[in-house]
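Chemist: Structure below; questions to follow.
The values are calculated or read from the model by the stated rules, or taken from the named source; none is laboratory data. Just so it is clear, the structure is predicted and the values come from calculations on it, not from any experiment. As a convention, Cβ positions derive from the backbone with ideal geometry for all residues, glycine included, and neighbour counts pool all protein chains shown.
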Amino acid sequence: MSTATPTVRRPAAPAASPSLGEHIGGYFSKLRGGDLGALPAILGLVVLCTVFSVVRPNFFTAGNFANLFIQGGAVTLIAMGLIFVLLLGEIDLSAGFASGVCAAILAVVSTNMGLPWYVAILASIATGTVIGTTLGLLVAKVGIPSFVVTLAAFLAFQGTVLLLIEGGRNVSIRDSVLIAIVNRNVPPVIGWAIFGVGVAGFALIQLLRYRKRSAKGLVTDPMVVVLTRIAVLIAVAGTAVYILNQERAVNPLFASLRGVPIVVPIIVVLLIFWTFVLKRTAYGRHIYAVGGNREAARRAGINVDRIRISAFMICSSMAAVGGIVAASRANSVDANTGGSNVLLFAVGAAVIGGTSLFGGKGRVLDAVLGGAVVAVIENGMGLLNVESGVKFVFTGLVLLLAASVDALSRRRAAAGSR
């Protein structure tokens, strides 16, 4: 009678993390496979800034650098919300005028009713949430295509703005806090303090993530890459804060103009928050799952309708924030608030930054990068005194190029997976 030797299970060997060379090789393999990420937007920013700084030396002055953040703030915030809808393969054509409706609510509550600034902001954002919920229900529950629903809302919201501000009159924003959002700056010391806290937080998250994954034997990026990310953030953010802390006033003896515009920390906080939602929560994973394959997500137990409704809620709520910023910049609200090229620039910012129009691919950072490209184009051509027609044509060509890169990248990725 033979006795069987018991089988001893050994723990699986930890996954070997790639070396620096393998990491770089893997990155270039992704590029060859069509996954370009934010590379086109970054390269576009470098080229545009180089050209404009050569043609117009005053492009890189501290004053104009601050103008880039001020000009691109509202579009960037609206684009952040559009990212969630685009990730699902949907579209929201009403986001621009939705921001105008929310800005009109802000003006009516603050100026006409005389209520405090925080009540006006809450009313504005609540309006955006209601708008998004309504659009989402029509798309998810009724089954109307998002293009049709939001196109109808695009037309209706133009009339809503006119009704709220009683025709074509201009409603001024008088509350000092609301005006300060875009037109005031944080003191230089506070700007450096925000920089220090932000960099320290980013570095801590990166190092803890590296340590945690390494301890569990999971594949992680090489330490050199982690440290490089931290160094790049320090260099870019530190340079930006240094430039913005320079004196920008024509006559500083009467009024000093230094510091980071208040809208910049607002954008950064929202960027961090929504990035965390998309990358570190189950809800974010569900967004990508629904955008990648709606039927597969449904079979996996994901409430697809709820995800679609929530995406439109976030989109319109962020449109409200963009409307607040736009109203602060203009110190008023009129019939054109949220109209004109706001929607086109917001969608363009998302797509130029790297978000796919086909769904399933994109990051909130894309809105910031794309918004920077749009702001640089608008600002640089303004310094060159280029006609508005030429400006629109050039911006449209950049958007077409970004959409073409997205389509070709997806085609190459599909071909590589066969």
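Chemist: Before we move on, is Val277 surrounded by fewer than 17 Cβ atoms within 10 Å (Cβ to Cβ), touching a helix residue (DSSP H, G or I) at 6+ places or on another chain (Cβ under 7 Å) and among the β-branched types (Val, Ile, Thr)?
Modeler: Taking the combined requirement at face value, the residue satisfies it.
Chemist: So, one more: Looking only at segment 173-195, filter to residues that are surrounded by 15 or more Cβ atoms within 10 Å (Cβ to Cβ) and of a type in the set (Gly, Ala, Ser); which one of those is farthest from Ile324 (Cα to Cα)?
Modeler: Once the filter is applied, the top-ranked residue is Gly191.
Chemist: I'd like the full set of residues that are at pLDDT 90 or above and among the β-branched types (Val, Ile, Thr), limited to segment 141-163.
Modeler: Val142, Ile144, Val148, Val149, Thr150 - these are the residues of segment 141-163 that are at pLDDT 90 or above and among the β-branched types (Val, Ile, Thr).
Chemist: Among the numbered criteria (1) at pLDDT 75 or above; (2) part of a helix (DSSP H, G or I), which single criterion is violated by Val386?
Modeler: (2)
Chemist: Return the only residue of Val263, Val333, Val241, Val325 being in contact (Cβ under 8 Å) with a residue 24 or more places away in the chain, in contact with a strand residue (DSSP E or B) (Cβ under 9 Å, 6 or more places away or on another chain) and hydrophobic (A, V, I, L, M, F, W, C).
Modeler: Val333
Chemist: For Val390, are the conditions met, namely being of a type outside the set (Ser, Thr, Tyr) and within 17 Å of Gly72 (Cα to Cα)?
Modeler: no
Chemist: Specify which of the listed residues (Gly34, Gly44) is within 24 Å of the chain's Cα centre (by Cα), modelled with pLDDT under 85 and at positive phi.
Modeler: It is Gly34.
Chemist: Could you list all residues from segment 295-330 that are of a type in the set (Lys, Arg) and touching a helix residue (DSSP H, G or I) at 6+ places or on another chain (Cβ under 7 Å)?
Modeler: Across segment 295-330, the qualifying residues are Arg298, Arg308, Arg329.
Chemist: Looking only at residues that are buried (at least 24 other Cβ atoms within 10 Å of the Cβ) and at pLDDT 85 or above in segment 354-367, which one is nearest to Gly292 (Cα to Cα)?
Modeler: Here the residue is Gly362.
Chemist: Residues being surrounded by 11 or more Cβ atoms within 10 Å (Cβ to Cβ) and part of a loop (DSSP other than H, G, I, E, B): count how many of those fall in segment 236-255.
Modeler: Adding up the residues that qualify gives 6.
Chemist: With the checklist (1) polar (S, T, N, Q); (2) within 16 Å of Ala79 (Cβ to Cβ); (3) in a helix (DSSP H, G or I) in hand, flag the one item Thr355 doesn't pass.
Modeler: Failing condition for Thr355: (3).
Chemist: Here's something else I'd like to know. State which residue pairs qualify: first residue within 17 Å of Lys361 (Cα to Cα) and outside any helix (DSSP H, G or I) and inside segment 29-45, second residue among the small types (Gly, Ala, Ser) and at pLDDT 80 or above in any location, beta carbons under 8 Å apart, and separation of 6 or more residues or different chains.
Modeler: Once the first residue is within 17 Å of Lys361 (Cα to Cα) and outside any helix (DSSP H, G or I) and sits in segment 29-45, its partners that are among the small types (Gly, Ala, Ser) and at pLDDT 80 or above give Leu36/Gly354; Gly37/Gly354; Ala38/Gly353; Ala38/Gly354.
Chemist: Can I ask one more? Of the residues that make up segment 71-78, is at least one free of Cβ contacts under 8 Å to residues at least 60 places away in the same chain and over 14 Å from the mean Cα position of the chain (by Cα)?
Modeler: No, that holds for no residue.
Chemist: Also, I was wondering about something else. Scan (1) outside any helix (DSSP H, G or I); (2) not assigned by TED's automatic domain parsing to the domain that holds Leu163 for the single condition Phe276 breaks and write down its number.
Modeler: (1)
Chemist: Same structure, new question: Do you know which of the residues in segment 308-324 that are buried (at least 24 other Cβ atoms within 10 Å of the Cβ) and among the β-branched types (Val, Ile, Thr) is nearest to Val171 (Cα to Cα)?
Modeler: Applying the filter and picking the extreme gives Ile324.
Chemist: For segment 328-346, check the following and say yes or no: at least one residue is within 23 Å of Ala282 (Cβ to Cβ) and within 19 Å of the chain's Cα centre (by Cα).
Modeler: No: zero hits.
Chemist: What is the number of the single condition among (1) under 26 Å from the mean Cα position of the chain (by Cα); (2) at pLDDT 90 or above that Arg209 does not meet?
Modeler: (2)
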